[in-house]
Amino acid sequence: MTVLRPRDAAEAVALYAARPAALPLAGGTDLLVLWTTGALNGRTVLDLSGVKEWRSIRKTVTGLSIGSLATHAELRGDPAVRREFPLLAAAAAAVGAEQIQNRGTLGGNIANASPAGDAFPALAVYEAAVVAVSRKGQRSIPFCEFFAGVKKTNLAPGELIASVVLPYLETRPRRQLFRKVGTRAAMSISKTAAAGLLWVGPDRRVRELRFALGSMAPTVRRLRAAEGLVKGKRLGRELAAEACELLRRDVSPIEDARSTAEYRLHVSQNLLADFLLGTQGSH
Amino acid sequence: MIAFTVNGRKRSFKGPPFKRLLDVLREDFGLTATKEGCGEGECGACTVLLDGKPVTACLVPVCQAQGRKVETAESLGRPGRLNPLQRSFQENAGVQCGFCTPGLLMSASRLKKTDPEAVRVGLAGHLCRCTGYMHIVESVSKAPSPLRERSTAALRGRRALARRKR
Ligand SMILES: Cc1cc2nc3c(=O)[nH]c(=O)nc-3n(C[C@H](O)[C@H](O)[C@H](O)COP(=O)(O)OP(=O)(O)OC[C@H]3O[C@@H](n4cnc5c(N)ncnc54)[C@H](O)[C@@H]3O)c2cc1C
Ligand code: FES
Ligand code: FES
């Protein structure tokens, strides 16, 4: 097995262009599990961990730019992430446990494209963009368009994730929520994970709702139907119940070893109802 | 060649760059305190400190240790000269078969807070099949704090000792 170890972004992109079959490596928490099974035998690995430009978390005029190599521990502890994007900080703190958070990166989490990626619901409601680079240049992909299916992304051959950009919210949401539902507090793969943001006007009508669910479809889903329904209306039990009914339209939960589809649907409807009625969520 | 520091000593490794740090420590350097449980990052038995942070050595390819600092349970006390954290495990029955202990000690030595709740969260990445965890949490929360200063002090002491021997 050959390991290529670029020292900067330009070198990484050039090496990848020359060896498009190489496997990018960041923190290795997904990749090394595969190594043990022998699946990487004979493969060339492109170790990105030396690319310093992709480590940093930077404030720009329009948003926060998070390098793809930022670890979950860094996200969890970063003052700007905690202040501006607390749901992402909370999601990072829910990934695996301490040892995994110290190694696993945001870029690896996204590129891995598991339906259960814990950062995804937060990135979906913050309407993040993934910045992909290749030898041809760079492009920005809206987060919700980044995934092509289970374990599949829309990265083109030769493209690497350089950073993720989160645009600042114009006003503070009235209510926000991150919840991961799993079998145990640490290390569990989510049965479902939710992130929500809610803005309410002075007339007590909903200005905007953004709600996303993970593990409820092959890729993360925004609840567009429910979001549209509540817009401009006053929240109450009936409206919440209607929104929960509409939730089905945007998801397609699966049965698997971790849960039944019915359980997943039920739990996510409860999460949405609690959020809309203010019986859960902070700030 | 991959060069890095293990327990304050410079080491180099000439084998395959994707060998797991866990195997390099055990097979090439003879440092067998670090254990392999699951080999998938789930159990924490293989936890070592990489630049001071707990990581599971079964998920670290040795090439990523290049130029960095690795600490294993061998950097703590020795039989007869246990460090305060180890002594607390002994006194509070935090050890039964002992397989999970080296990894736990490494994570515990980095905890900033040692109230039982903080210990539970901080050590959530470790499985123990024997103790039922109660005694582990107790061992850590009853150990003299700060744990971190203690273990680096112990390391410094051992390094000084090594220098004197030389
Ligand atoms: C015990 C355990 C528990 C876990 N728990 C959780 C959990 O609770 N929630 C969760 O979401 N995940 C969890 N994971 C999965 C994993 O830790 C995360 O997805 C992590 O963020 C992956 O990042 P990494 O840097 O380690 O990825 P790597 O293993 O280095 O890479 C993962 C994939 O992404 C590709 N890749 C990496 N970086 C880039 C890049 N910059 N550009 C293009 N492709 C890239 C790699 O080729 C590979 O296919 C867990 C893993 C383990 C072992
Ligand atoms: S052996 Fe590494 S975590 Fe279990
Ligand atoms: S003491 Fe036996 S596994 Fe923990």
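The values are calculated or read from the model by the stated rules, or taken from the named source; none is laboratory data. Remember, predicted model here, so these are calculated numbers, not experimental data. Please note: Cβ atoms are built from the backbone with ideal geometry, for glycine as well, and neighbour counts cover all protein chains shown.
A Cβ distance below 7 Å, combined with a sequence gap of six or more or placement on separate chains, defines the contacts here; from segment B:115-131, residues that are assigned by TED's automatic domain parsing to the domain that holds B:Cys97 reach residues that are of a type in the set (Gly, Ala, Ser) and surrounded by fewer than 18 Cβ atoms within 10 Å (Cβ to Cβ) in the pairs B:Ala124/A:Ala185. Scanning segment B:26-57 for residues that are hydrophobic (A, V, I, L, M, F, W, C) and within 16 Å of ligand 3 (Cβ to nearest atom) yields a total of 5. B:Leu49 fulfils the conditions (1) surrounded by fewer than 19 Cβ atoms within 10 Å (Cβ to Cβ); (2) within 12 Å of chain A (Cβ to nearest Cβ); (3) of a type outside the set (D, E, K, R) except for a single criterion, (1). Return the residues of segment B:105-146 that are near ligand 3 (Cβ under 10 Å from one of its atoms) and either part of a helix (DSSP H, G or I) or touching a Pro at 6+ places or on another chain (Cβ under 6 Å) (or both); say none if nothing qualifies. Of everything in segment B:105-146, those that are near ligand 3 (Cβ under 10 Å from one of its atoms) and either part of a helix (DSSP H, G or I) or touching a Pro at 6+ places or on another chain (Cβ under 6 Å) (or both) turn out to be B:His135, B:Ile136.
If you check A:Ala156 against the conditions, is it closer than 20 Å to A:Asp250 by Cβ and at pLDDT 95 or above?
Values: closer than 20 Å to A:Asp250 by Cβ: no; at pLDDT 95 or above: yes.
In short, no.
Provide a single number: the residues in segment B:71-103 that are under 17 Å from B:Leu49 (Cβ atoms) and away from ligand 1 (no atom under 16 Å from the Cβ). The qualifying residues number 12.
Residue by residue, here is whether (1) more than 17 Å from A:Ala128 (Cβ to Cβ); (2) surrounded by fewer than 24 Cβ atoms within 10 Å (Cβ to Cβ) holds:
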position	(1), (2)
A:Val61	no, yes
A:Ile66	no, no
A:Ala80	no, yes
A:Phe85	no, no
A:Ala89	no, yes
A:Gln99	yes, no
A:Gly104	yes, no
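Scan segment A:1-18 for residues that are touching a helix residue (DSSP H, G or I) at 6+ places or on another chain (Cβ under 8 Å), within 14 Å of another protein chain (Cβ to nearest Cβ) and in a loop (DSSP other than H, G, I, E, B) and report the count. Break it down stepwise before answering.
Of segment A:1-18, the ones touching a helix residue (DSSP H, G or I) at 6+ places or on another chain (Cβ under 8 Å) are A:3-9, A:12.
Imposing the further condition that a residue be within 14 Å of another protein chain (Cβ to nearest Cβ) reduces the set to A:3-7.
Among the residues that remain, those that are also in a loop (DSSP other than H, G, I, E, B) are: A:5-7.
Residues in segment A:1-18 being touching a helix residue (DSSP H, G or I) at 6+ places or on another chain (Cβ under 8 Å), within 14 Å of another protein chain (Cβ to nearest Cβ) and in a loop (DSSP other than H, G, I, E, B): 3 in total.
Taking helices (runs of 4 or more DSSP H) as the structural unit, those lying wholly within segment A:84-202 and holding at least 1 residues that are more than 15 Å from the chain's Cα centre (by Cα) correspond to A:98-103.
Which of the following residues is closer than 23 Å to A:Lys180 by Cα and either among the small types (Gly, Ala, Ser) or away from chain B (no Cβ under 14 Å) (or both): A:Arg58, A:Arg82?
Numbers: A:Arg58 fails: closer than 23 Å to A:Lys180 by Cα.
The conditions single out A:Arg82.
Before we move on, is A:Glu53 away from every other protein chain (no Cβ under 14 Å), over 30 Å from B:Leu111 (Cβ atoms) and either touching a helix residue (DSSP H, G or I) at 6+ places or on another chain (Cβ under 7 Å) or surrounded by fewer than 24 Cβ atoms within 10 Å (Cβ to Cβ) (or both)?
Values: away from every other protein chain (no Cβ under 14 Å): yes; over 30 Å from B:Leu111 (Cβ atoms): yes; either touching a helix residue (DSSP H, G or I) at 6+ places or on another chain (Cβ under 7 Å) or surrounded by fewer than 24 Cβ atoms within 10 Å (Cβ to Cβ) (or both): yes.
Answer is yes for this residue.
Conditions tested, residue by residue: (1) part of a loop (DSSP other than H, G, I, E, B); (2) within 12 Å of another protein chain (Cβ to nearest Cβ).
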| position | (1), (2) |
| --- | --- |
| B:Ala3 | no, no |
| B:Lys10 | no, no |
| B:Glu27 | no, no |
| B:Ala33 | yes, no |
| B:Cys38 | yes, yes |
| B:Gly67 | yes, yes |
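The residues of segment B:70-104 that are away from ligand 2 (no atom under 16 Å from the Cβ) and assigned to a loop (DSSP other than H, G, I, E, B), listed by number, are B:Leu76, B:Gly77, B:Pro79, B:Gly80, B:Leu82, B:Asn83, B:Asn92, B:Ala93, B:Gly94, B:Val95, B:Gln96.
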